[in-house]
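Readers should treat all values here as calculations from the given coordinates under stated rules, not as data from a laboratory. All values derive from a computational prediction rather than experimental measurement. Positions of Cβ are backbone-derived with ideal geometry, glycine not excepted, and every protein chain shown enters the neighbour counts.
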2 protein chains.
Amino acid sequence: MTAPREAPDGHELGSAEWTDLSAADRDHLRRAIRLGREGWGSVHPNPMVGCVLVRNDTVVAEGIHRSFGGPHAEADALAQAGGEAKGATAYVSLEPCRHQGKTPSCALALHAAGIARVVYWAPDPGQEEGGGGRLLEKNGVRVQGPHGSEEEWRGENPFFFHRPQGNRPYVAVKLAVSLDGGIAPAGGRRQWLTGPEAQVEVHRLRAGFDAILVGAGTWRADDPKLTVREWDPPAVPPLRVFIDPRGDMGATAAAFQGDGGPVVLAVGEPAVDPTAARLGSRAEIVGLPVGPGGLDMACLLDVLGRRGVRTLLCEGGGRLVATLLASGLADRLYLFQAPLLLGPRRVPAFPASDTPREENGEGTAAPGGSFSRWRRVRPPETFGSDILITLDRSL
Amino acid sequence: MTAPREAPDGHELGSAEWTDLSAADRDHLRRAIRLGREGWGSVHPNPMVGCVLVRNDTVVAEGIHRSFGGPHAEADALAQAGGEAKGATAYVSLEPCRHQGKTPSCALALHAAGIARVVYWAPDPGQEEGGGGRLLEKNGVRVQGPHGSEEEWRGENPFFFHRPQGNRPYVAVKLAVSLDGGIAPAGGRRQWLTGPEAQVEVHRLRAGFDAILVGAGTWRADDPKLTVREWDPPAVPPLRVFIDPRGDMGATAAAFQGDGGPVVLAVGEPAVDPTAARLGSRAEIVGLPVGPGGLDMACLLDVLGRRGVRTLLCEGGGRLVATLLASGLADRLYLFQAPLLLGPRRVPAFPASDTPREENGEGTAAPGGSFSRWRRVRPPETFGSDILITLDRSL
């Protein structure tokens, strides 16, 4: 399988508000942001960062933070620039770090290399005594930043700017739907709605998450492996989590074949012991309280968070996604749309009550607030004939 | 009200297949296509056409077919170019016309002006003895075209490449939906889902159609004028057609106030006489057979076609749009999506049967074939925070 190397591009950023920057400045800063995207799947939980060094209107080096523990984007760029860095402007998608961590302080490194000016996009959060920007200024470097808004920074680096609630991981949900909101045609016949380009993008997305989650209907229908196959696999493969209330998954499931990494089976509490006895070391069994709406998802997220899962991608099915959306547990929605109309007998992705009811607490509907405004992170992207709309829950 | 002058841009066309053209050729041809778009709303039933004249890698003139009966794009460009046209290449979005019509033959005019080469995009259909391209070749002009596919030409100039069935007009339907496919929130409360930019685009679209149609639920809820207000009004305002099975529309309806042009009221046959007596000259009354699914839409389209309506835009409501889609009467779908999730108690745009049924002809579902593949005409467009997806029914 050939792994495409390029992350999707062309996300326009609201640069119109960067009024203190020239058109050339904006182009370089946008380029730095785009470069950072190449770190998706290999830098987490670090942020994705890119850096462009420009002297006399000429790009002298480009740097990328390529992997967790590896050189920061600024260090990568400085190493390539050599003496050319002297007097240059550094455009960085994140405020240079102040502190010595796994790697030396980028603020000090930029200053030492003779960088005259630093333009950065997002601030480095949680820097109580001022970030690298302040340190650079103290050293006589001209600093311009941050630019943009927290929503934009979070849209670009969702995990890094996520504010965790308790142990709960960052949760993204993925849905592939027809234009009339169906996930399967009449009769529930399964088929891929989206084309091969969208499938590759799903594998690319998988590579950036600590864990992948699917519901019982989805694995029963598709028997998925949930591994990263059509993109460069990350150093640590995502944990694969299957919802299985009654503990029905068999030892012959595709997820248990080959070396795809560990599997977690989330079962109802009564099913823990028999499932563990039956599957042995094939899966970690997590027992969850069973409520009227199925297994307790908030509890599962808490358990996964304590197990070290910081980010999770739920790939379906429709009911599990609807539950996560309705209960306010989802932070991001990746909505793939195929140019199909499946008609009135489709299986709906977002089941609607037959008759709109008044707000009397009746029925299965979630509180209206959970369905309030979402924010589109970037313009719609196209993958073959499909569209991807990425949305973040408004802060 | 300020009317924005620029038509939406940035529709990428499949220029990768234009293998006989250089990159510069492709840019000029795409530019010609884009120029043509400025004729939307004023050239119909003529096609939209743009023309770029290039000599020694320099654009010497650009022409647009601006209004029905006015100069063709080639003539417009030649008039500006003067002597500069000699030896130039003409890039035209449509094959130059062969015959003298309302305006002189463009093929002969290009030849007479000394144009050395003509690159065109779409062919001129229905030219039995060969179009202007052949005539130009006979006169020693190098001709390259057509380029692209019928689906692309139809996507760009939908009316011109439409093959009418009987009297039926070209029918486009417009829907504004939430991401979960709702047209209104719980309880059926009406609100605009889309923002002001999308509203302007709807008015721009209106300006290009002979008639606008809405269903009974929509005018009852919104009391719309259906006039072109937020865009340059066309010379002949679109005919406004309201579905009103029982003849309920009152003389105080917004559509009857001011000078918005003629109104057609489509009522059930039994309601013709009382409605006509009540409304007098305010509206033309069209009586239609009443079936189990409401008024006979195929019959309405036939009547409108015979009345001279060649193109019609249906702006809702959801049920009327669903009927047109399901019965195969719609040629194009303008789907506006607002970045909202309305939740399970929303009013669905595409009502789904509760339980998927087997293909036994039961229920209200249309034949599956009517919901088969649609083709996205262009990449999704953004208007403010909303998205517009334009789809054509596959040929």
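Cα centroid separation, the range B:17-81 to the range A:63-77: 48 Å. Of the beta bridges in chain B, as assigned by DSSP with both residues counted there, near 45 percent are antiparallel. Helical runs (DSSP H, four residues minimum) scored at -39500 (n - 2.57) apiece and divided by the length of chain B put the mean residue ellipticity at 222 nm at -6500 deg cm²/dmol. Counting from the shortest, the label point at A:Trp192, 7 Å from Cα toward Cβ, is 4.1 nm from the same position in each remaining copy.
The mean of 1/r over all distinct Cα pairs in the range A:206-281, once inverted, gives the Kirkwood hydrodynamic radius of 12.9 Å. Computed from the alpha carbon atoms alone, the convex hull of the range A:92-188 holds 168 Å³ per residue.
Mean projected area of the convex hull spanned by the Cα atoms of the range B:184-315, taken over all viewing directions: 8.7 nm².
Working value for chain B: equivalent-ellipsoid semi-axes of 41, 23, 20 Å, each the square root of 5 times a Cα gyration tensor eigenvalue, largest first. Annotation: amide H-H contacts under 5 Å for A:Gly182 (H modelled 1.01 Å from N, sequence separation of 5 or more, or interchain): A:Leu342, A:Ala349.
Between the listed residues B:Tyr120, B:Gly41, B:Pro379, the Cα displaced farthest toward the positive end of the dipole of chain B, a dipole computed from Cβ unit charges relative to the Cα centre, is found at B:Gly41. Summing charges over all other residues whose Cβ lies under 10 Å from the Cβ of A:Leu304, with Lys and Arg as +1 and Asp and Glu as -1, gives +2.
Taking label points 7 Å from Cα along the Cα-to-Cβ direction, B:Thr19 and A:Arg66 give a separation of 3.6 nm.
Computed over the Cα atoms of the range B:15-156, pair by distinct pair, the Kirkwood hydrodynamic radius stands at 14.6 angstrom.
Whole-Hz Karplus values for the range A:386-395 come out as 9, 10, 10, 10, 10, 10, 10, 4, 4, 5 Hz, taken residue by residue from phi with 6.51 cos²θ - 1.76 cosθ + 1.60 and θ = phi - 60°; glycine and proline positions read x. Inter-part distance, the range B:151-169 to the range B:281-301, computed on C-alpha centroids, equals 24 Å. In this structure the amide hydrogen of B:Tyr170, modeled in the peptide plane, comes within under 5 Å of the amide hydrogens of B:Thr311, B:Leu312, none closer than 5 places in sequence on its chain.
If each Cα of the protein assembly as shown is one equal point scatterer, what is log10 of I(q)/I(0) from the Debye formula at q = 0.09 Å⁻¹? With no solvent term, the Cα-only Debye profile gives -1.01. Which of the listed residues, A:Pro233, B:Ala107, A:Ala176, is farthest toward the dipole's positive end in the protein assembly as shown, when Lys, Arg count +1 and Asp, Glu count -1 at the beta-carbon? So the residue furthest toward the plus end is A:Ala176. The H on the amide N of A:Leu288, modeled in the peptide plane, is under 5 Å from the matching H of A:Val267, A:Gly268, A:Glu269, each at least 5 residues off or on a different chain. Look at A:Ser93, B:Ser178 and count the other Cβ atoms within 10 Å of each Cβ; fewest to most, that gives B:Ser178, A:Ser93.
Distances between copies at B:Arg163, taken between label points 7 Å from Cα along the C-beta direction, are 6.1 nm in increasing order.
What separates the B:Asp223 label point from its copies, with the point 7 Å along Cα to Cβ, is 6.2 nm, written shortest first.
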